[in-house]
Amino acid sequence: MTPPSPQLPTALIHHPYKPPPGFEAVPPAIHRASTVIFPNVAALRARDWRHKTGYTYGLHGTPTTFLLEERIASLEGGQYCTLVPSGLAAVVLVGMALLKSGDELLIPDNAYGPNKAFASGELAAWGVTHQYYDPINPADLAAKLSPRTRLVWLEAPGSITLEFPDLPALCAAVKAHADSHPQGIVTALDNTWGAGIAFNAFDLGADISAHALTKYPSGGADVLMGSIVTRNEALHHLIHFCHMRVGYGVAGNDAELVLRGLNTIALRYAAQDTATRSVATWMQGQAQVAAVLHPALPGSPGHEIFKRDCTAAACLFSVVFKPEFTQMQIDRFCDSLQLFKLGYSWAGPMSLCAPYDVPSLRTTPWAYPGGLVRFSVGLEAVADLQADLAQALLKMNQGDALQ
Ligand SMILES: *Cc1c(COP(=O)(O)O)cnc(C)c1O
């Protein structure tokens, strides 16, 4: 009888890594290299970096980066992985590899901001057009597909406003159109929130998963890295060859930090999920709050789809304040927080927050008149985080209330 295949937390640790004979240590070796030496000219001519059958140059990968690529591919349930120096570089490389002048890409209106900035900056300058679609309305996406569409970005949930989209419906809309399409249309998911843990991107229909390893896989707020995973070999080669041409290599020491983080990713994801739900639920009960956005909370946009498609949720939630609170009061609330630090990125040990002006970030209407703050919950004790929020909410009420 074959044993059942191990669950994710086990598989992340018992990975088929082969240490050098006689050195059965738990962590893998860390290799750093620019030069890789060939035994002779024939070997230099024969060695093929394109298909990872040999090592040719540090930029093309080392045993350490190849190992991390394998582990990220297994984490996400994909087959091929390419590492890049940041999560944003993953988004950019997908665009560079797939798009040419005259093509169009579609981006969800609530997408990660720098994804939009790359489209309106470099891609527009290179003759690639883009449109934004409403991610909670698959019919809006379907209506915007055209013979020029080459790439459709997906993000689950939206970066700041955390609406959870119907990924299978969005992918089905693209596939239905792509069948009669001259060059096919690729769907690429920014999978940083799901991290390979909350859901399987490929089972839900995505062709490509781009992931900011900076967030959960690192877990330490100490390294920037990104990955692009797919199950499709032809797609992987498009990305991989472009990766070689643009020189997006990653360093061995950075790969080491992510390999180390992967041992605990399942535990951290679960712990931060539980803590985030309790902090978010507590915030819902506060008098100053108009809405708490978190896909696991009933009433949050896409909650039913989240329940259907996800087994867990990441450590983000957003609070919309009642409209009587001025931006100055909301800023004072943020400034009064002691444990929640002001800063970007998330999924590290320390809780963070940042205020956002949502209407300036999107083209589709936004339901709330009040200001928004996005929180990321770290690994501190929940009671301390709640006490911190409580004291900052009190300060928000003091002094210069509106009117
Ligand atoms: C952080 C983030 C990125 C970019 O990651 P970096 O490594 O900081 O470049 C991309 N997408 C999402 C959704 C993110 O949260």
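Numbers for the structure displayed
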quantity: Single residue of 176, 172 found to be more than 16 Å from the ligand (Cβ to nearest atom), touching a helix residue (DSSP H, G or I) at 6+ places or on another chain (Cβ under 8 Å) and modelled with pLDDT under 95; calculated: 176
quantity: Any hit, region 118-130, residues being touching an Asp or Glu at 6+ places or on another chain (Cβ under 8 Å) and within 16 Å of the ligand (Cβ to nearest atom); calculated: no
quantity: Residue tally, condition of a type in the set (Asp, Glu) and touching a residue at least 60 places away in the same chain (Cβ under 8 Å), over region 164-221; calculated: 3
quantity: Residues (more than 23 Å from residue 15 (Cβ to Cβ) and either touching a Ser or Thr at 6+ places or on another chain (Cβ under 7 Å) or surrounded by fewer than 22 Cβ atoms within 10 Å (Cβ to Cβ) (or both)) located in region 258-278; calculated: 273, 274, 275, 277, 278
quantity: Meets criteria (over 15 Å from residue 90 (Cα atoms) and either in contact with a strand residue (DSSP E or B) (Cβ under 8 Å, 6 or more places away or on another chain) or in contact (Cβ under 8 Å) with a residue 40 or more places away in the chain (or both)) for residue 266; calculated: yes
quantity: Identity of the residue in region 140-152, in contact with a helix residue (DSSP H, G or I) (Cβ under 8 Å, 6 or more places away or on another chain) and open to solvent by 30 Å² or more (accessible area, probe 1.4 Å), that ends up nearest to residue 109 (Cα to Cα); calculated: 142
quantity: Where residue 184 falls short, out of the listed (1) open to solvent by less than 30 Å² (accessible area, probe 1.4 Å); (2) under 26 Å from residue 349 (Cα atoms); calculated: (2)
quantity: Residue in region 69-101 that is nearest to the ligand (Cβ to nearest atom), counting only those that are open to solvent by less than 10 Å² (accessible area, probe 1.4 Å) and over 20 Å from residue 120 (Cα atoms); calculated: 84
quantity: Tally, over region 340-386, of residues that are within 15 Å of the ligand (Cβ to nearest atom), open to solvent by 30 Å² or more (accessible area, probe 1.4 Å) and among the hydroxyl-bearing types (Ser, Thr, Tyr); calculated: 3
quantity: Residue under evaluation residue 334, criteria (1) more than 16 Å from the ligand (Cβ to nearest atom); (2) in contact with a strand residue (DSSP E or B) (Cβ under 7 Å, 6 or more places away or on another chain); (3) open to solvent by 60 Å² or more (accessible area, probe 1.4 Å), criterion not met; calculated: (3)
quantity: Hits in region 184-243 (condition: farther than 14 Å from residue 154 by Cα, of a type in the set (Ser, Thr, Tyr) and within 13 Å of the ligand (Cβ to nearest atom)); calculated: 214, 216, 218, 227
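One line per residue, one yes/no per condition, for (1) charged (D, E, K, R); (2) farther than 18 Å from residue 279 by Cβ; (3) not assigned by TED's automatic domain parsing to the domain that holds residue 282:
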residue	(1), (2), (3)
329	no, yes, no
335	yes, yes, no
340	no, no, no
345	no, yes, no
385	no, no, no
388	yes, no, no
397	no, yes, no
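The values are calculated or read from the model by the stated rules, or taken from the named source; none is laboratory data. Owing to the predicted nature of the structure, the values given are computational and were not obtained by experimental measurement. Ideal geometry is used to build each Cβ from the backbone, glycine not excepted, and the neighbour counts take in all protein chains shown. In case anyone asks, the SASA skips ligands and DNA or RNA and just uses the protein heavy atoms, side chains included. Shrake-Rupley method; radii C 1.70, N 1.55, O 1.52, S 1.80 Å.
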